[in-house]
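Reading through the structure tokens given below for one structure.
Bear in mind these aren't lab numbers, they're just calculated from the coordinates by the rules spelled out. Nothing here was measured: the structure is a model prediction, and the numbers come from that model. Here the Cβ positions follow ideal geometry from the backbone for every residue, glycine too, while neighbour counts run over all protein chains shown.
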Amino acid sequence: MALLRAASPSDFGPVIESGRVVLRTPQMSDYPAWAELRASSRDFLMPWEPLWAPDELSRASFRRRVRHYLRDLREDVGYALFIHDVDSDALVGGLTLCNVRRGVTQSCTLGYWVGAKYANQGYMTSAVRAVVPFVFDSLELHRLEAACLPTNAASMRLLERTGFKREGLARRYLRINGAWQDHLLYALLDSDPRG
């Protein structure tokens with residue numbers, strides 16, 4: 001069961017605790033752990049992500065990223081969360097809830113990454129399961145969307161294990177690793193059983 005702690009004025013967004021993970025908004029103090037994990041996971045992550053900028057792992061780039069995350073949070077258009085091991089507080093990955101759309105849509109898009117040394121250990125499954133109640137109960141959205149490359153078997157298993165339903169294929173949907181690539185589209189509705 002996920003526990004959402006309301007943000008106090010000194011916090012930078014929600015803190016979600018569930019089982020083996022704690023999810024919280026990135027802060028500048030996370031930079032050393034983030035840079036080290038991303039650098040050591042570069043070859044593992046690159047096939048599934050947009051091309052990295054030349055200064056991708058610099059402190060200045062991270063500072064811009066954090067400012068962007070906080071602006072999105074304030075404007076209720078996105079929520080970036082770092083995933084930490086509940087026991088060691090080690091940074092293991094991250095997830096984003098982006099493109100929050102209100103009005104008649106009431107939806108957002110889920111994105112995620114995990115460090116190479118933490119892959120296939122259940123961290124991302126725990127994180128996705130923890131964020132679902134936040135999406136539907138706290139943000140009061142109706143639909144959570146996700147997309148993955150058809151060659152990313154681990155991502156497909158993750159989405160299906162956490163209750164997402166495959167809805168179709170989007171041709172040349174996202175520019176990943178320098179090329180426009182097809183993606184499988186998944187969604188989870190507030191009325192669906194939660195995986």
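Given the structure, is V104 under 23 Å from V135 (Cα atoms), among the aliphatic types (A, V, I, L, M) and surrounded by fewer than 13 Cβ atoms within 10 Å (Cβ to Cβ)? In short, yes.
Scanning segment 22-44 for residues that are under 17 Å from Y79 (Cβ atoms) and among the acidic types (D, E) yields a count of 1. Filtering segment 47-71 to residues that are in contact with a Gly (Cβ under 9 Å, 6 or more places away or on another chain) and surrounded by fewer than 20 Cβ atoms within 10 Å (Cβ to Cβ) leaves P50, L51, H68, L70, R71. Within the bounds of segment 47-55, is there any residue that is within 25 Å of M156 (Cβ to Cβ) and in a helix (DSSP H, G or I)? Among the residues of segment 47-55, at least one is within 25 Å of M156 (Cβ to Cβ) and in a helix (DSSP H, G or I), which makes the answer yes. The residue of segment 76-85 that is surrounded by the most Cβ atoms within 10 Å (Cβ to Cβ), among those that are part of a strand (DSSP E or B) and more than 9 Å from the chain's Cα centre (by Cα), is H84. Checking P193, P133, P150 one by one, the residue that is out of contact with any Phe, Trp or Tyr (no Cβ under 8 Å at 6 or more places or on another chain) and either surrounded by 18 or more Cβ atoms within 10 Å (Cβ to Cβ) or under 24 Å from D76 (Cα atoms) (or both) is P133 and no other. Sub-9 Å Cβ pairs linking a first residue in segment 48-59 that is hydroxyl-bearing (S, T, Y) to a second residue that is surrounded by 14 or more Cβ atoms within 10 Å (Cβ to Cβ), at least 6 apart or interchain, are S58/A35, ordered by first then second residue. The C-beta contact set for segment 16-42 (first residue part of a helix (DSSP H, G or I), second residue polar (S, T, N, Q), distance under 9 angstrom, 6+ apart or interchain) comprises A35/S58.
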